[in-house]
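Following: one structure in structure tokens, then a few remarks.
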Amino acid sequence: MDYRKDGHDILLKQADFDLDETLDCGQAFRWEKISDNTYKGAFLNKGLVISSEEEKGIFRLHDTNESDLLEIWAEYFDLYTDYGELKRRFSEDSTLAKACGYAGGIRILKQDRWEALSSFIISQNNNIPRIKGIIGRLCEHYDGYPSWQEMKDETAESLAYLRSGFRAKYLVDAVAKISSGEIDLDEVAKMDIADARKTLQTIKGVGPKVAECTLLFGFYRTEAFPMDVWVKRVMANWYPNGLPECTKGAEGIAQQYLFHYIRTSGAFEEI
DNA sequence: GGCCAGGCTTCAA
DNA sequence: TTGAAGCATGGC
């Protein structure tokens, strides 16, 4: 970790990190771009404003301190993982080499379990701008992202202001199963991946895709591989025989490069 | 204005 | 086990 204090801020030197590519690539939904090079967001309701400086690879974490950097943000931004090494591994494969070259500053955000689960329940059959709108209304209502405990008394009707459609009843079911103890997210964290998948999918509105996203972004299970419409296109066009060996154990991270590549680079239109 | 969205449930066969 | 309709809402 290469950093220094600068007044109330911390200046961080970090390779393989781009704010747009990481904070606005559909893995988290409440980072707001407040200026050309600055985002405002939160993890577990600890807020952060982060900017990229003129000098490449330098980031300013506003109004924070060393212990929050090391204990919270370095974890959240997955700074203890060497993405350069990961990209070298992935680049044995020619398509992944292009994807990593296209947006090499993507990192996985190690998010809160409940926030990831509930956010991706909301995400289903939905587009990213509207997902952000729904989650924005939820956070505004609760003055921060609500815990499942805070949502215990919610019903589909009481959540109508979210305008989340049929997904509201799924959120209610997730809260019910967790607050009754039927599902314990701490236990899910300890399960092997197959049991974790099966357990999460007992929640109404949680199928394969939402379960994979929850495991990848909420539990940092990097072998989880979410397949949405875009990644299905990736697989159909580039990997009809399955993912290459070089992704083993980190399929979810590879998926994030591929997802961003096919969705925003124009590569899909060329197929 | 119609198509589609980081899908899932339900119900048929 | 697989296939297809239905789902709420709004972005583009």
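Share of chain A's accessible area from carbon and sulfur, percent, 1.4 Å?
47
Accessible area per residue, 1.4 Å probe, Å², for region A:86-243: what's the number?
For region A:86-243, the per-residue accessible area is 45 Å².
Mind scanning A:Lys33/A:Lys177; A:Lys110/A:Lys209; A:Lys5/A:Lys46; A:Lys33/A:Lys209; A:Lys98/A:Lys198 and naming the pairs with a C-alpha gap bigger than 25 Å?
A:Lys33/A:Lys177; A:Lys33/A:Lys209; A:Lys98/A:Lys198
Suppose we keep just the DSSP beta bridges with both residues in chain A; what percent of those would be antiparallel, to 5?
Approximately 100 percent, going by the DSSP bridge assignments.
Quick one: net charge around A:Asn127, please, counting Lys, Arg +1 and Asp, Glu -1 for every other residue with C-beta under 12 Å from its C-beta.
In short, +2.
Please compute the modelled spin-label separation between A:His8 and A:Thr155, points set 7 Å along Cα→Cβ, answer in nm with one decimal.
Rounded to a tenth, the inter-label distance reads 4.5 nm.
Could you tell me whether region A:113-219 comes out rounded, prolate or oblate from its Cα gyration tensor? Rule is a ≥ b ≥ c as square roots of the eigenvalues, rounded for a/c under 1.5, then prolate if a/b exceeds b/c, otherwise oblate.
Prolate.
What does the charge count around A:Thr64 come to, taking other residues whose C-beta lies under 14 Å from its C-beta (Lys +1, Arg +1, Asp -1, Glu -1)?
Local charge sum for A:Thr64: -2.
Send over a whole-number figure in Å² for the accessible area per residue of region A:2-80, probe 1.4 Å.
Normalised by residue count, the accessible surface of region A:2-80 is 51 Å².
Which of rounded, prolate or oblate describes region A:2-80 when judged by the alpha-carbon gyration tensor and an a/c cut-off of 1.5?
Cα axes put region A:2-80 in the rounded bin.
Please calculate the 1.4 Å probe accessible area of A:Ile128, with all protein chains present, and give it to the nearest 10 Å².
Only protein atoms counted, so the area is about 40 Å².
Please give me the summed charge of the neighbours of A:Arg197: other residues whose Cβ is under 13 Å from its Cβ, Lys and Arg +1, Asp and Glu -1.
-1
The values are calculated or read from the model by the stated rules, or taken from the named source; none is laboratory data. Every value quoted in this text rests on a predicted model; they were computed, and no experiment measured them. No Cβ is skipped: glycine too gets one built from the backbone with ideal geometry, and neighbour counts run over all protein chains shown. SASA here: full protein model, heavy atoms, side chains in, ligands and nucleic acids out. Shrake-Rupley method; radii C 1.70, N 1.55, O 1.52, S 1.80 Å.
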